[in-house]
Amino acid sequence: MSSPATRTAPIKTLSIGGATFDLFVRTDESVVHAQDGLDHLSLPLGQKIRINDVISTAGGGAANTSVGLSRLGCEAAFCGIVGEDQWGSAILETFKKEGVRTDAATVVDKETSSFSLILSAASGERVILNHPGTARHLHDVTFDRDAIRNVDAVFLNHIHRESCIIQDDIIEAFTSNPQIHLSWNPGGCQIELGLEEEHNKALVAVTDILFLNKEEALAFTHADTVADAMDLLIAAGAGIVCVTDGKNGSIATDGKQVYTCPIVEGPVVDMTGAGDAFGTGVTWAIVNGKNLPTSLRAGTINARSVVGVIGAQKGLLTATQMLSELN
């Protein structure tokens, strides 16, 4: 990728993964109870439970990162599947409104778009009931593999288990075009298979920034500590490894030095999309030539803004807002 100092055109990005129609149902604390040191939502069968609010919005990993990168000034595109239904139409309308290109998206007729019912408590924590819908149809036939070669940076988000078949094409594209930046946030099925799985190992080797939360990092590498996990991932070829740990902030390494970044204090309304916002901010900063400590701050600031409102996209910052916060 050309140097940010000499670049005049916007950075072209492609987010691969899911787009979901999210319906938030806001509850009060009366349905939250503690058990085994964790908070749980309690919804007794047969009872009518009063709710505080219902809010609908677009979400999903690739939708969130593409909208986030577009707001930050990139020429962002989405690669994934939506259905030709009311939810799919709402998702596509959001992309249009946010300036996200959908050339690499596929609209499937007579199928239900990915949908999430999110039970959100006043504390900001939530339970997500998800129907994958059309997300599972992202595979060899519907995946626009050529789209990768026409951008400067790719954000590979969580993909459905049935979509892992596209990994061969992604690995080949980055092996052939190492100048294209890759940010990767592995999905559950990839985490379960672990670092030593053939495709995972090959993907890590071509990844510029790898995003995991603490639990995912330990499960993916089978390491006992985050430090050991990061060392294993750097040794496997990742350029930068970023690990988030909720209220404890984030930690990252480029293989030479380790950096930590605390969270930015403030009210937490809804945690949905915090990880995507963090990854978006870090990626934007790195591809624009910022150093790793500054990039961690950009991700943290973006996540802080997102958790202050309902939904995964409403709080995503613009480039002007981000630069102001960084300064």
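Backbone amide hydrogens, once placed in the peptide plane, bring LEU182 within less than 5 Å of VAL154, ASP208, ILE209, excluding anything fewer than 5 places away on its chain.
Rounded if a/c is under 1.5, else prolate if a/b beats b/c, else oblate: with a ≥ b ≥ c from the C-alpha gyration tensor eigenvalues square-rooted, which is the stretch 102-150? In terms of gyration-tensor shape, prolate. Estimated purely from DSSP H runs of n ≥ 4, each contributing -39500 (n - 2.57), the mean residue ellipticity at 222 nm for the chain is -9500 deg cm²/dmol once divided by its residues. For ASN291 and ILE49, a Förster radius of 45 Å and the Cβ-Cβ distance give a FRET efficiency of 0.40, rounded to the nearest 0.05. When a/c reaches 1.5 or more, the comparison of a/b and b/c decides; with that in mind, is the stretch 191-284 rounded, prolate or oblate per its Cα gyration tensor? Prolate shape, in that a/c is at least 1.5 and a/b is the bigger ratio. Of the whole protein surface, LEU193 contributes about 100 Å² of accessible area at a 1.4 Å probe radius. Ligands, DNA and RNA are left out, and with a 1.4 angstrom probe the accessible area of the chain is 46 Å² per residue. Can you tell me the FRET efficiency between LEU129 and LYS256 if r is taken as the Cβ-Cβ distance and R0 is 30 Å, rounded to the nearest 0.05? Rounded to the nearest 0.05, the efficiency is 0.10.
Between ALA319 and ALA205, how high is the FRET efficiency from 1/(1 + (r/R0)^6) when r is the Cβ-Cβ distance and R₀ = 30 Å? Nearest 0.05. Don't skip to the answer; put the middle values down first.
On the way: r = 31 Å, r/R0 = 1.04.
Plugging the Cβ-Cβ distance into 1/(1 + (r/R0)^6) gives 0.45.
Using a simple charge model, +1 on the beta-carbon of Lys and Arg, -1 on the beta-carbon of Asp and Glu, nothing else, what dipole does the stretch 209-323 show about its Cα centre, in debye to the nearest 20?
Details: 7 positive and 10 negative charges, 93 e Å.
For the stretch 209-323, the charge dipole is close to 440 debye.
Dipole size in debye (nearest 20) for the chain around its Cα centre, Lys and Arg Cβ +1, Asp and Glu Cβ -1? Please report the intermediate quantities before stating the final value.
Values: 23 positive and 39 negative charges, 203 e Å.
In debye, rounded to 20, the chain gives about 980.
Would you rank HIS199, HIS158 by solvent-accessible area, highest first, keeping every protein chain in place and using a 1.4 Å probe? Present the calculation step by step, with values, prior to reporting the outcome.
Working: HIS199 45, HIS158 85 Å².
Heavy-atom accessible area, descending, gives HIS158, HIS199.
Surface composition of the chain: carbon and sulfur make up 51 percent of the accessible area, probe 1.4 Å. Springs between Cα atoms under 10 Å define the GNM used for the chain, and in it the highest mean-square fluctuation of VAL151, VAL264, VAL141 occurs at VAL141. Summary of packing: across the peptides 307-313, 286-292, the per-residue average of other C-beta atoms within 10 Å ranks them, highest first, as 307-313, 286-292.
Residue by residue, the stretch 234-247 carries 3J(HN,Hα) couplings of 5, 4, 7, x, 5, x, 9, 10, 10, 10, 9, 9, x, 5 Hz when phi is fed to the Karplus relation 6.51 cos²θ - 1.76 cosθ + 1.60 (θ = phi - 60°); x denotes Gly or Pro. Using 25 Å as the Cα-Cα cut-off, could you pick out the over-long pairs in LYS110/LYS314; LYS97/LYS247; LYS201/LYS290; LYS201/LYS256; LYS48/LYS314? Result: LYS110/LYS314; LYS97/LYS247; LYS201/LYS290; LYS48/LYS314 exceed 25 Å.
Suppose accessible area is computed on protein heavy atoms with a 1.4 Å probe; arrange LEU129, LEU117, LEU69 from highest to lowest. Display every interim value, and only then the final one.
On the way: LEU129 90, LEU117 50, LEU69 5 Å².
From most exposed to least exposed: LEU129, LEU117, LEU69.
Once both labels are positioned 7 Å from their Cα atoms along Cα-to-Cβ, the gap between ARG149 and GLN86 label points is 4.2 nm.
The values are calculated or read from the model by the stated rules, or taken from the named source; none is laboratory data. Note that this is a predicted model, so its numbers are computed, not measured. Cβ: placed from backbone, ideal geometry, glycine included. Neighbour counts: every protein chain shown. Accessible surface is based on the protein model in full, side chains and every heavy atom, while ligands, DNA and RNA are left aside. Shrake-Rupley method; radii C 1.70, N 1.55, O 1.52, S 1.80 Å.
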